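Since the structure comes first, as structure tokens, the remarks are kept for the end.
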């Protein structure tokens, strides 16, 4: 490569635009997506990018991949897949902190291989909160390891994070400006970076197991506590235990009784569901009759439920064969609601209101002036300010809350949950990944095929697919992609690479130059977005590789991976999402994330050189 390139007007304009973009990102006086739009307009007005190409970023494979992974993630969330995962983690960890940390981080890291890091972080926040509440392990000891694993697990595939999604488009675009005699740069296959991603994920797990975990504060009482969980209701209202299925035998005295009569029996647990014939119902009405073969969903301490089952000649099962979907946490659960002064419920008893029959809601307790009323709560006239403890399907709760007769104070899933679509969603996702493995079909088409499958099969509705897309991320990426093209086509990247080589000592090992590129990209990612760092640095890395006789693809891959190497500042979206809930300070983030960032850089450079 000619290192004596002359700085042209176009090069100066592009470099000036890059500097301006970095400064605007750094000081955050203007929104990042607005900055990206301004950059796009300037590129078009100055002619640095041809008019017919200026909006091509919106139709790029990278943008389509991002959109598809966001929608696929929403589909998995709607079926309750991650709530099932939380239950599995609880069972496997058995409350042991180290085991919980290891399993949660490992599974989150693997999940991030096929979903955007921010989407995985958003989905895991409530899961980690639930795990924290049930085990007593503070959020500050869980969130950082899980978030680090998500970031590192994003390197397992080419769709795990935005920089890797962008990389293939930037490699293809660079072919138009390669010197004669240089081989064409081929896009990387879906699982090309998997060895690197596995090494990074294992390193994250080992880091927090042996070192990082000691640096995390145990702030049990700080941060956002996951209130309204089972532990909260057990402590505040004495509502605890698991859900069991009780099958009514022919000898049971319950045969012919109404559910209300059964509830009034001495030692009866909470009776929350009833199946008679082929009809299953959560919060069945009090006048519903119990017959031979009916199945009752009962909640309480194991011994209490076992005693009730023995006394009433019921077969008890701990496995929810009939009510698995009904009691799925993504579909139903316990909540709190306050009766406002304007409520039409005031002066009436829950029995008068027919909450179960009319609204599908079971009243478990009433909190009145710090006194918890559980016995005969259905016959207590309601007052303004009463706190009602309810069990219901989330959709029924939302419909009842719309009347404003009580105000829900518990955070609960507002969207429709479809646990019955779980198997369909998993099959569609598995087929999507298999198609993506094929080198004959572009990854973007494979992922969009999965999106189409989820929409056609009813896993998602079209409006939900639209809402799943983070348009700010899409807009930012689509507007900045042409800046990378301008860096390459104008010769600005080649000029910077050539002048950088002139100032380096002769005979410098290639791996040392790669290390410098990785650290420089990491520094950029600390102050500007990882997308911006990738777009600016990949063209520079390719030209630098050509100048020193290195592999352009290897250099570009190091840059794309290093753009996500940020565990210390809020410019990494995944990190910004956990600092508030966990109560981390800037000092905490640098103390724990700084050493991990150095480990990340060393592994990336080593693994890329082993592979290339």
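The values are calculated or read from the model by the stated rules, or taken from the named source; none is laboratory data. Since we're looking at a predicted model, the values are computed, not measured. Virtual Cβ from ideal backbone geometry, glycine too; neighbours counted across all protein chains shown.
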Wholly inside segment 60-147, helices (runs of 4 or more DSSP H) that include 2 or more residues that are in contact with a helix residue (DSSP H, G or I) (Cβ under 8 Å, 6 or more places away or on another chain) and at pLDDT below 70 are 81-93, 117-135
Can you go through 474, 451, 496, 456 and tell me which one is surrounded by fewer than 23 Cβ atoms within 10 Å (Cβ to Cβ) and at pLDDT 90 or above?
456
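Does segment 170-194 hold any residues that are within 18 Å of residue 545 (Cβ to Cβ) and part of a helix (DSSP H, G or I), and which are they?
Correct list: 170, 171, 172, 173, 174, 175, 176, 177.
To keep it simple, each residue is scored yes or no on (1) assigned to a helix (DSSP H, G or I); (2) more than 19 Å from residue 573 (Cβ to Cβ); (3) out of contact with any strand residue (DSSP E or B) (no Cβ under 9 Å at 6 or more places or on another chain); (4) at pLDDT 85 or above.
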{"residue": "4", "(1), (2), (3), (4)": "no, yes, yes, no"}
{"residue": "7", "(1), (2), (3), (4)": "no, yes, yes, no"}
{"residue": "23", "(1), (2), (3), (4)": "yes, yes, yes, no"}
{"residue": "30", "(1), (2), (3), (4)": "no, no, yes, no"}
{"residue": "38", "(1), (2), (3), (4)": "yes, yes, yes, yes"}
{"residue": "41", "(1), (2), (3), (4)": "yes, yes, yes, yes"}
{"residue": "45", "(1), (2), (3), (4)": "yes, yes, yes, yes"}
{"residue": "49", "(1), (2), (3), (4)": "no, yes, yes, yes"}
Selection within segment 182-195 - surrounded by 18 or more Cβ atoms within 10 Å (Cβ to Cβ) and under 16 Å from residue 111 (Cα atoms):
190, 193
Of all residues in segment 393-415, count the ones that are at pLDDT below 75 and in contact with a helix residue (DSSP H, G or I) (Cβ under 6 Å, 6 or more places away or on another chain).
2
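Kindly provide the set of residues from segment 372-389 that are surrounded by fewer than 13 Cβ atoms within 10 Å (Cβ to Cβ) and at pLDDT 80 or above, ordered by number. Walk me through it before giving the result.
So the first thing to find is which residues in segment 372-389 are surrounded by fewer than 13 Cβ atoms within 10 Å (Cβ to Cβ), and the list is 375-376, 379, 381.
Once the filter is applied, which keeps residues that are surrounded by fewer than 13 Cβ atoms within 10 Å (Cβ to Cβ) and at pLDDT 80 or above, segment 372-389 yields 379, 381.
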Could you please find all residues in segment 278-304 being touching a strand residue (DSSP E or B) at 6+ places or on another chain (Cβ under 9 Å), surrounded by fewer than 14 Cβ atoms within 10 Å (Cβ to Cβ) and under 15 Å from residue 243 (Cα atoms)?
301, 302
Run down 392, 362, 438, 403 and say which single residue is closer than 30 Å to residue 262 by Cβ, within 34 Å of the chain's Cα centre (by Cα) and surrounded by fewer than 16 Cβ atoms within 10 Å (Cβ to Cβ).
403
Only one residue in 270, 314, 282, 265 is in contact (Cβ under 8 Å) with a residue 60 or more places away in the chain, touching a helix residue (DSSP H, G or I) at 6+ places or on another chain (Cβ under 9 Å) and more than 30 Å from residue 421 (Cβ to Cβ). Which one?
314
Only helices (runs of 4 or more DSSP H) wholly contained in segment 361-467 count here; list those with 2 or more residues that are in contact (Cβ under 8 Å) with a residue 60 or more places away in the chain and assigned by TED's automatic domain parsing to the domain that holds residue 341.
394-401
